[in-house]
Amino acid sequence: MTELPSTLKLKQELSSIDTGYGLMSLTWRAEPVPKPQAFDAMKKVIEIAQSMGHKAFFNVGEFYGPDRANLRYVKEFFEKYPELRKDTLISCKGAADIATLTPNGRHDDVVKSVENCVAAIGGFIDIFEPARLDLSICSDGQAYPYETFEALAEMVERGAIGGISLSEVTADQIRAVYKDWSKYLVCVEVELSMFTPAILTNGVLEATNELNIVTIIYSPLGRGLLTGTITSSKDIPAGDFRNQLHRFKDESLKQNLTLVAFLQQEIVQKRPKSEEITLPQLALGWVKHWNKTKLCAKTHLLPIPSGSSVTRVEENMNEVKAQITDEEFERINDYLKSFKTIGDAYEMAN
């Protein structure tokens, strides 16, 4: 199946971006970030991208807050700054029940989700991704729900969306969807950080590289663990999803923060003052350094850290500072060989 020119263009544009922007944390929290503050951060992301000669990348979600709040933030932002829309690529997660977050992969449900997202965001969406594959509607032996992608292909042909992404999928699922829908498939969104390196060894990165699909990386800062701002469970706000995770309980943090201590003491503090790097920049630099390896010869890792302030955005998107040396990369990877994270990515606390 030959790629659409628009699919190829989206892949090329994404491959030119070093760091994208995840908007989930702006609205999926007990108290959403005030719009003026959020809009300043969003504007800064685009200004930095413009200064580097490429588009900005926004990653949003239909269920990131009540009543599609995440999408409404984006709509209001571009109503205020309409001239910036042309310089922004938007990928939107959907096809899930907003209340229960269970996948809704039936053809008509997917169409409805896309239409609702387009209405909430105020127009065309560059990339749409089912948040999870609805395996409950698969026939025996079927790797993925075919009708989900029939619906998404129709929405591309109708001009509502530009292309398709996958989210939280296995290597086998990536290959199965690609076999049938490579014409529309732009990227795959999965998690990667020093705390969650599974895609490096479970075949997912091997598949995206083999098929020349862009790999979008969410939670590259380990859901905040790699920022140095979390030292105990008390540092996590009330109502935050992380309070439910085993990884963020104090007994787990004691072990998990040994990695942060290593990075701080053995990398950050050993750099000369002229080459200062922060923990978040180091974590992002580690993710992006994989682009220089054979694992990523035909894919491109694009991390999408959040950032609810201009200061945080500037820190995360400083491409000059967020660089690590080959030697630092090797030292970190050597340490990770014997380091074990306590608590899987979505393992709930008892």
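Overview of results
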{"read-out": "The range 259-350: relative contact order as a whole-number percent, Cα under 8 Å and 6+ apart", "value": "30"}
{"read-out": "DSSP-defined antiparallel bridges as percent of all bridges, the chain, nearest 5", "value": "5"}
{"read-out": "Cβ-based exposure ranking for Lys35, Lys273, in which fewest neighbours within 10 Å come first", "value": "Lys273, Lys35"}
{"read-out": "Most to least packed among 142-148, 335-341 [average Cβ atoms within 10 Å]", "value": "142-148, 335-341"}
{"read-out": "Ranking of Glu3, Glu31, Glu115 by count of other Cβ atoms within 10 Å, fewest first", "value": "Glu31, Glu115, Glu3"}
{"read-out": "Neighbourhood net charge (12 Å Cβ-Cβ; Lys/Arg +1, Asp/Glu -1) for Glu129", "value": "-2"}
{"read-out": "Most to least packed among 323-330, 101-108 [average Cβ atoms within 10 Å]", "value": "101-108, 323-330"}
{"read-out": "Antiparallel DSSP beta bridges within the range 66-222, percent to nearest 5", "value": "5"}
{"read-out": "Lys/Arg +1, Asp/Glu -1 at C-beta; the chain dipole; positive extreme among Phe77, Met155, Ala41", "value": "Ala41"}
{"read-out": "Check: the chain dipole with +1 on Lys, Arg Cβ and -1 on Asp, Glu Cβ, in debye", "value": "660"}
{"read-out": "Of Ser139, Ser193, Ser308, the one that fluctuates the most in a GNM where the chain has Cα springs shorter than 10 Å", "value": "Ser139"}
{"read-out": "Environment charge of His107, counting only residues whose C-beta is closer than 12 Å and scoring Lys/Arg +1, Asp/Glu -1", "value": "-4"}
{"read-out": "Proxy reagent accessibility, fewest Cβ within 10 Å first, across Val177, Val118", "value": "Val118, Val177"}
{"read-out": "Mean residue ellipticity (222 nm) of the chain, computed from DSSP H runs ≥ 4 via -39,500 (n - 2.57), nearest 500", "value": "-11500 deg cm²/dmol"}
{"read-out": "Length-normalised contact order for the chain - Cα pairs under 8 Å, 6+ apart - percent", "value": "20"}
{"read-out": "Span per principal axis, largest first, for the Cα atoms of the chain (Å)", "value": "55, 47, 43"}
{"read-out": "Violating pairs (Cα-Cα greater than 31 angstrom) within the set Lys11/Lys270; Lys55/Lys93; Lys298/Lys340; Lys9/Lys273", "value": "Lys11/Lys270; Lys9/Lys273"}
{"read-out": "Cut-off 14 Å between beta-carbons: net charge of the residues surrounding Glu266, Lys and Arg +1, Asp and Glu -1", "value": "-1"}
{"read-out": "Nonlocal amide H pairs with Thr88, under 5 Å, H built at 1.01 Å", "value": "Ala56"}
{"read-out": "Cα-Cα pairs of the range 303-346 separated by more than 17 Å (percent)", "value": "58"}
{"read-out": "For Leu166, residues with placed amide H under 5 Å, excluding near neighbours", "value": "Cys187, Val188, Glu189"}
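Every number here is computed from the coordinates shown, using simple stated rules; none is lab data. Note that the structure is predicted; figures quoted are calculated from it, not measured. With ideal geometry, Cβ positions are generated from the backbone for all residues, glycine too; neighbour counts draw on all protein chains shown.
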